[in-house]
Amino acid sequence: MSNLRKAHNPKRKYQAQTLIISFSEDEFDTSDLNLQAKQALMLVKHFIHQHFADAQSVVAIQADGEGGKLHAHVVFNTIKQNGRTISTNRFNIHKLRTNFDHEMTDNYQRVTGHNWTNPIYKQQERQDANNLTTRSEWQNSLKKIINQVKNEVASLKDFIQQLGEQGITVTERKKKTAWTYHQTVNGKSYKVRDFYQRVDKQSGKVLSTRGLGQEFTKSYLTSYFKQKDKEVEEDTNERRQS
C-alpha cells in the first residue's frame, strides 16, 4: 500500500503478478521433501534476485496437488518502492522459461549435486519432429519459434541470427520491405510470406489474406525491437539511479 500511494495511478487495478515454477520428477522426486524444498527455494530465490531484484516478492514452495510435484509460487508487487511500475514484458512466459533454464544450467548441480538434463526441452524437441506432417502444422510451429525467439533477444539482428541457428532463414522481397521465412523439416522444404493481402483496387475490399500475420512482418518486428530497446534503456537508467 505504501508503494501504491506513490504510483502515478494509486487506484490501478492490477497491483501484482504471479508466477508458478513447476519442477519435473527428474529434477526433484520428493523422496526427501524437506531437503529438496530448500534446494528448490534456493534456486528460485537466486533466479528472482537475478531478474527481479527491484521488485518486492514472496516465494512459497509446495508439493501438493494431484501429481504431488514440487513447485514454487511467486507473487510480485508490480509497484516498485519508488512508485514506478515493473514493465509487463519482463513477465513474458517464453522469456521467463528461457531465463530459468539458464538458472538450472548454471546452478542446479551446485545446489543439488546432480546433473541437469532439461527433460522438458528434449520432450518438446521430439514432439516437434514427429508432428510436422502438414504445411499448416509447420506454420503453427514456426509462429511459436518466432515468438519465443522474439522474446529472448534484444535486436532485429540477433533475432534473424537466432532463427538461423534453428534452421530458419529469412529472405527479403518487395524491395526489402517484406520477408519470406524458409525452413527444411525432415528433408522437406517449406516457405511462407510474412503477411500479404490482395485488395480490389477500385473498391478497396480485401480479396484474400495470406502469410503468418501482421505481427511477423519486417515493419512490425523492426518497431517491436526499437520499443524493446527503449524500455531496456529506461530500465537500465532507472537501476543506475537506484
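The values are calculated or read from the model by the stated rules, or taken from the named source; none is laboratory data. Just so we're clear, the structure is a prediction, and the values are computed from it rather than from any experiment. No Cβ is skipped: glycine too gets one built from the backbone with ideal geometry, and neighbour counts run over all protein chains shown.
Some observations on this one:
- Candidates Asn151, Asn147, filtered to the one that is closer than 18 Å to His94 by Cβ, surrounded by 14 or more Cβ atoms within 10 Å (Cβ to Cβ) and at pLDDT below 85: Asn151
- Taking the criterion of being in contact with a helix residue (DSSP H, G or I) (Cβ under 9 Å, 6 or more places away or on another chain), more than 16 Å from Gln214 (Cα to Cα) and surrounded by fewer than 12 Cβ atoms within 10 Å (Cβ to Cβ), the residues of segment 177-203 that qualify are Asn186, Lys188.
- Conditions (1) modelled with pLDDT under 85; (2) in a helix (DSSP H, G or I); (3) closer than 18 Å to Thr184 by Cβ; (4) of a type in the set (Val, Ile, Thr): number failed by Ile120: (3)
- Val111 vs. criteria modelled with pLDDT of 90 or more, assigned to a strand (DSSP E or B), in contact with a Leu (Cβ under 7 Å, 6 or more places away or on another chain) and hydrophobic (A, V, I, L, M, F, W, C): no
- Test for Leu35: is it touching a residue at least 24 places away in the same chain (Cβ under 8 Å), assigned to a helix (DSSP H, G or I), of a type outside the set (S, T, N, Q) and within 20 Å of Gln109 (Cα to Cα): no
- Test: residue in segment 51-63 that is surrounded by 14 or more Cβ atoms within 10 Å (Cβ to Cβ), in contact with a helix residue (DSSP H, G or I) (Cβ under 8 Å, 6 or more places away or on another chain) and among the β-branched types (Val, Ile, Thr): yes
- Contact annotation: residue pairs with Cβ atoms under 8 Å, 6 or more positions apart or on different chains, pairing a residue in segment 51-62 that is at pLDDT below 95 with a partner that is of a type in the set (Ser, Thr, Tyr) and surrounded by fewer than 15 Cβ atoms within 10 Å (Cβ to Cβ), are Asp54/Ser242.
- Within segment 1-23, the set of residues being modelled with pLDDT under 90 and assigned to a loop (DSSP other than H, G, I, E, B) comprises Met1, Ala7, His8, Asn9, Pro10, Lys11, Arg12, Lys13, Tyr14, Gln15.
- Members of segment 6-49 found to be under 16 Å from Lys69 (Cβ atoms) and of a type in the set (Ser, Thr, Tyr), listed by number: Ser22, Ser24, Thr30, Ser31
- Scanning segment 73-108 for residues being closer than 17 Å to Met42 by Cα, surrounded by 13 or more Cβ atoms within 10 Å (Cβ to Cβ) and either modelled with pLDDT under 80 or among the hydroxyl-bearing types (Ser, Thr, Tyr) (or both) gives a total of 1.
- Residue match in segment 172-188 (condition: touching a Gly at 6+ places or on another chain (Cβ under 8 Å), closer than 29 Å to Arg97 by Cβ and of a type outside the set (A, V, I, L, M, F, W, C)): yes
- The set of residues from segment 160-203 being assigned to a helix (DSSP H, G or I) and acidic (Asp, Glu) comprises just one member, Glu165.
- Tabulated pairs, segment 175-201, first acidic (Asp, Glu), second in a loop (DSSP other than H, G, I, E, B), C-beta under 9 angstrom, 6+ apart or interchain: Asp194/Gly211; Asp194/Leu212; Asp194/Gly213; Asp194/Thr217
- Residues in segment 148-159 that are outside any loop (DSSP other than H, G, I, E, B), touching a residue at least 40 places away in the same chain (Cβ under 8 Å) and closer than 14 Å to Lys228 by Cα: Lys150, Asn151, Glu152, Leu156, Phe159.
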